[in-house]
Structure formats: C-alpha cells, structure tokens
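Trainee: Sharing a structure with you now.
Every number in this text was worked out from the coordinates using simple rules, so none of it is lab data. Computed from a predicted model, the values in this text were never measured in an experiment. Using ideal geometry, Cβ is built from the backbone for each residue, glycine included, and neighbour counts are taken over all protein chains shown.
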Amino acid sequence: MADDEEEQMRMAIALSLGQAPGPAPTGGAPEQNLFEDEELRQSMLAMVSEEVWIWLVANTTPELRGTTTASSGKGEMLAVVERALQSQGMTLGSRDLWASAEALATSPRPAPAASPTPAPTGPTVQKAASDRFDRWDYPPGAAKRRRVDADASPSGLTSIGMAPVPPGDAQALFERVFGTAATNDDYGRWENQAFTFSDAPISRFGLVQRSGGPCGVLAPVGGFMLRFLLFSNRPPTEFPFPNGFPNDDEREASLVDALCYVMFRATSASRYIVISASTGGNPSAPAMYQRVFDTIGDVQQFYANHLEQLLRQPTSVMSFVYSVLATRGLGTVAQEMDEMDALLVGRFGHCQQELLNLMLIGRATSYVCDGSEYAGGNPETGLLVTGVPDDARVEVGYLSQLEANRYLTVGSRYKCPEFPLWVVGSATHYTLLFSLSLSAAKLSPAKELQQKADAAFNKHAVDIEGGMATPDKLRDIVRELAVSYPQLNEAAIDEARRAIGQDQILLSADFRMWAAQKLLPNGEPPQAQSTTLFLMDGQSPPGPSVTKVVVEVCNIDTNMAMPDQNEFQATIQTRWPGHIVTTTPL
C-alpha cells in the first residue's frame, strides 16, 4: 500500500475510534460528531462490517456527519450513513458494501468544510432528468404469451441479473419489518402472499388476499391500480365494469405501474432496489436477491419482463415491502417514525400505520393528521407527532374506524385525496373504497377555503399550534391567500385590518372566519345530494367481494336516522358527516 493510502487508513481508524488526529477545535467546547460516539459505532457495526465503517468515516464530509449529543440514536446514524453512501452513488443494502468500501477506500478524502455547516435534514440528491414516471406501454397480448413456469430459485434470479443481498443488510430489512420476536404464524401470513388477481367478473380489477396481514399493502397497491385504470384516457363510466374490463393486459400493466409508482414516490434519488426474498428456511436469517436500477422506467421493464418470477411467487408482497424499504433507505424510514425502533408489521401480521403511510405517500410517518401536531391537541404533552407532511401528494386517501371510535382524527389531506380512492381501516383489516366520479374526492368550497386560509396563516404565524400571529403580518397573510383567491386585493387587506387587525394578537380562527365571510358571503353552495361508491374487499375466503355504498344528505340527526348503524357506516360518516350510509352487496 502506498504511503498516502496508509496514512489515510490510519486516520480513518483513528477517527472510527473517536481519536481525531490534528489539533482540537478552538473557541468553546469541542463538538462531538456522530462518528465519535462509541455506543452508536457499536450499533452500526451490528449492520455493517468494520471495513465499511472505516470507509464511511474516511469518506464523509463534516456537513454529512453533523453534530450530535448522547441522546442521538441509531436512526439518526443510519440517515447519515444513507446520505454518505448516496454521495458515492450507493445505498445501504444496494450491493456488497464491503466490496464497495474496499474499492473506494483509496479515493481522496473530501476536503474539510471551510466553516461548520448544519447537517441536512433529508436526502441531498435529486432524481435525474431522465428519471420520470410514465404509464407502462404494455404490448398487446403480453399476458397470454407470458411463461407460467418461470424459475424463482436462486439460480433463476441470478439469471435475470439479481445478486445476493449481504446477510447483514437482509437481516436489517427483516428486523425492521418483523422484529426479532415474530412468530412463524405472523411471518407465514406474509410468506404465502403473491400479487394475484381476482377471477370473479365483478372484482377482476382487484387483488386477492389469502390470509390476514398483507391487506395493508394490497389495499394501497389496489388503490393505485384503480388510479391508473379508472382515471386514464378511456375510463369506464359504470360499475360493474362492462366488456370484461380490465382485460389481462390492462390488469398486469396497472399492477406494474402501481408498484413502480409507490417506489418512485418513496425516494428523491434516481436509485431503485428491487428485492426478491426466498421462502422456507430460517425466517430470521432470510435469503434475499436484489437488482439496482437508475430509472423507474427500467424497473417497470424489469417487473413486466419477469412478472411471474417477481410478482406471482409466495413471497412477492413481502419482497415488494423490502424493495420499498431499501429504496427509501432504512435510516430515512427510522427518522420518519415517531418511535425509531417501531416495527412495520405487528401482532398477527397486521400492518402498522408507518407501513401503510409508506405505501400511500412514500413516508413512514406514524400518524394520520395533517402535518405535525401535539398528541391530543395539547402542547403541554410535549409529544409532537407527524402524519401527512405539507409537501406530500395524496392520491389515494385513508379513512379509519378508529376515528369513528374517537381514538384519533384523520386529517383532511387523507379524507380528500386527489382521486376518489380511499383505503378503509378497521381494527383488523384494510379494504379499498372507490368512486367513478372525481367530484367525490373534492373538498367542499368551505373546507377548501379553510385549508388554504390555515396554510396562508401558518406561513407567517409566531405560534402555529396556538394559531397566533402578530397583526403586522396580516397583509402578508392575505396576499398569500390571494394566490388562490385573486379577488383579495389591496382594499380587502385594508378591510381585514379594520375587522380583525386591531388587537395585539391575530388569531387563526378570526382570520378563517373573516375569509369565509369575504369569499363565501352566501354560505356553502349546494352540494350533491348523494354519492355512490364501491367497497372492494380482497379477503379470500369468504370473498373477494364488492359492496355498493351510497351516502345521502340527511336533514335530521343521523343517529336518529341510522340507530342501528354498524362500524363501517360510522367510518364512512367521518368523511361524509350528516349523511345516511346504505350498503348493498353486489
């Protein structure tokens, strides 16, 4: 080894042991960076080799390392490692990291930053210009020509360019999903679930669930399939769908599109990791194979060409979860959770909220509120929880029986998604609710105004949770709202100042009321008297089944109109309050 290479490795080893070479920083107490915490180092060595650790220390810049205290955890360390690897074109679990570290160990060490720079709060890489999501152009008749005897054995997977996932990375993925105490029954619910279409004519657009657990993945994927099937160039206008819609090609194309769209939304980088997990053997030491792609179009091509090997096998749904996790990055996922050690699959194989959110919005957050809020709406708890971030695009929404039972409140972002598609969660199961009418998903004018008024106010608030701003910000708040409502001119600003800007504190509730009086002087416009929806339940047995759901405006107390309503009807009323809900099996 050359002298300069030996010196670099010596410095790396010294740093990994917390023995920073060179003069100590001057002026104030020295900063402790993430790579100098012995406890965190030992945690990371449980996931990566010593050689990889040394390389990470030698090849990450101070701004990537950031500073930390003894309260930092493994999740923060993993996020830093993810960013370090992304800066070199890799991700944790994407290839044999030992070989990567060995190959890069002699690369020049980045020059230290001229001045301390705060650690970035998210991925620093962006998607390549060529990496964009488009509907897959499926060759007509491809489904009929597909091989049904595709080889999903290790040799078969290697023949299509997949390579073994390093055991430590495979173990980390498994433990993030199932933990270390998963029972064979819980794991078995996932080990025997492929992406299988329903054979029943009325539900042939949907996926079949063979056992409890994977519905938290199948329902969101089914939602994105309908997003492409129903709201495309030639959407059907009636249900049951006529003329054998969708045909086999359309079903397969929508499945490939749905899976790839979930992966595309799960990362800001142009790096996608497709994983296939084996069946049988020791579930706590899973064997996985992977292939890495730089564009989502290549992933679509890969899934479409090898659909039988990758999507029709007993572990296909579980493998897709691993693929999304590896693509998102374990460190990023851990940081998004309110509890970094939370599992994605709980008792009886049930999907946790973090996994459902990861499928729906590409973020593994733990709650369903809009943005962040204090638990129970009480800042004194000191517990700030995160649901659907402001910048998350919600195309498939979510409704929860837990809201009907008054355990939580689902935010308007999930209740009013871009498309009339909702995953419906009960205590033990997830199903898919949909409508053929886009208007079913829209916010009422009053709700839309409230949401936009709150967003404008919060941009200039001094206390978002308390809903308070200083009166001198009123002009900026009104101008912010005027982006959506151009009729709010300078005269409107003066009017707002006279109406609500005279006190020492400006309250969001007062601004919301003023905006409603100004922009909706005649109150809420007339709304549709009824909305028709359909509920797809892929559980087999007893289904799959489809139920027609009609919600109608009610002018009397719905508790009196529906004295014997069930929990599903009560859940639907969390989205359509003041409506009667009737159901009819089809």
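Trainee: Dipole magnitude of segment 162-233 about its Cα centre, charges +1 at Lys/Arg Cβ and -1 at Asp/Glu Cβ only, in debye to the nearest 20? All intermediate terms of the calculation are to be shown ahead of the outcome.
Mentor: Working: 5 positive and 6 negative charges, 66 e Å.
For this selection, approximately 320 debye.
Trainee: For segment 168-242, what is the Kirkwood hydrodynamic radius in Å, using each pair of distinct C-alpha atoms? It would help to have the intermediate numbers written out before the result.
Mentor: Details: mean 1/r = 0.0679 Å⁻¹.
Averaging 1/r across every pair of different Cα atoms and inverting gives 14.7 Å.
Trainee: Follow-up. At 0.36 nm per residue, minus the direct Cα-Cα distance, what do Ala446 and Thr183 gain on full extension? Give it in nm, one decimal, please.
Mentor: Values: separation 263, 0.36 × 263 = 94.68 nm, distance 4.89 nm.
Answer, rounded to one decimal: 89.8 nm.
Trainee: I would also like to ask the following. Which value in Å is the Kirkwood Rh of segment 451-492 over different Cα pairs? Could the numbers behind the result be given before it?
Mentor: Details: mean 1/r = 0.0964 Å⁻¹.
About 10.4 Å for segment 451-492.
Trainee: May I pose another question? List, in order, the whole-Hz ³J(HN,Hα) value for each residue of segment 549-554 obtained from phi through the Karplus relation with A = 6.51, B = -1.76, C = 1.60 and θ = phi - 60°; use x for Gly and Pro.
Mentor: Residue by residue, segment 549-554 yields 10, 10, 10, 10, 4, 10 Hz.
Trainee: Sticking with this one: Taking amide H positions as placed in the peptide plane 1.01 Å from N, state which residues far from Val165 in sequence (5 or more) or on other chains have amide H under 5 Å from it.
Mentor: Close amide H contacts, sequence-distant or interchain: Met288, Tyr289, Gln290.
Trainee: Non-local amide H neighbours of Cys369 (under 5 Å, H modeled in plane, Pro and chain starts lacking H): which ones?
Mentor: Gly387, Val388, Gly411
Trainee: Sticking with this one: Can you list the HN-Hα couplings for segment 212-227, worked out from phi with the Karplus curve (6.51, -1.76, 1.60; θ = phi - 60°), rounded to whole Hz and with x for Gly and Pro?
Mentor: With coefficients 6.51, -1.76 and 1.60, one gets x, x, x, 4, x, 9, 5, 5, x, 4, x, x, 6, 4, 5, 4 Hz.
Trainee: Same structure again: Given Lys415/Lys518; Lys127/Lys442; Lys415/Lys473; Lys415/Lys452, which pairs have Cα atoms separated by over 23 Å?
Mentor: On the way: Lys415/Lys518 26 Å; Lys127/Lys442 30 Å; Lys415/Lys473 31 Å; Lys415/Lys452 16 Å.
Result: Lys415/Lys518; Lys127/Lys442; Lys415/Lys473 exceed 23 Å.
Trainee: Quickly rank 460-473, 326-339, 212-225 as a protection proxy: mean count of other C-beta atoms within 10 Å, highest first. Write out the running numbers ahead of the final one.
Mentor: Working: 460-473: 15.3, 326-339: 22.9, 212-225: 26.1.
Packing proxy ranking, top to bottom: 212-225, 326-339, 460-473.
Trainee: Right, another one. Collect residues whose amide H, placed 1.01 Å from N in the peptide plane, falls under 5 Å from the amide H of Gln352; neighbours closer than 5 in sequence don't count.
Mentor: So Gln352 has HN proximity to Val345, Gly346.
Trainee: Quick check: residue separation of Ile202 and Phe348 times 0.36 nm, minus the Cα distance between them. What number comes out in nm?
Mentor: 49.6 nm
Trainee: What are the ³J(HN,Hα) couplings of segment 384-400, residue after residue, when phi is run through the Karplus curve with 6.51, -1.76, 1.60 and θ = phi - 60°? Round to Hz, x for glycine and proline.
Mentor: Ordered by residue, 3J(HN,Hα) equals 8, 10, 10, x, 8, x, 4, 8, 7, 8, 9, 9, 10, x, 8, 10, 9 Hz.
Trainee: Once a ≥ b ≥ c are taken as the square roots of the eigenvalues of the Cα gyration tensor of segment 327-479, is the result rounded (a/c under 1.5), prolate (a/b larger than b/c) or oblate (a/b not larger than b/c)? Mind dumping the intermediate values first?
Mentor: Values: a/c = 1.94, a/b = 1.32, b/c = 1.47.
Oblate, since a/c reaches 1.5 and b/c is not below a/b.
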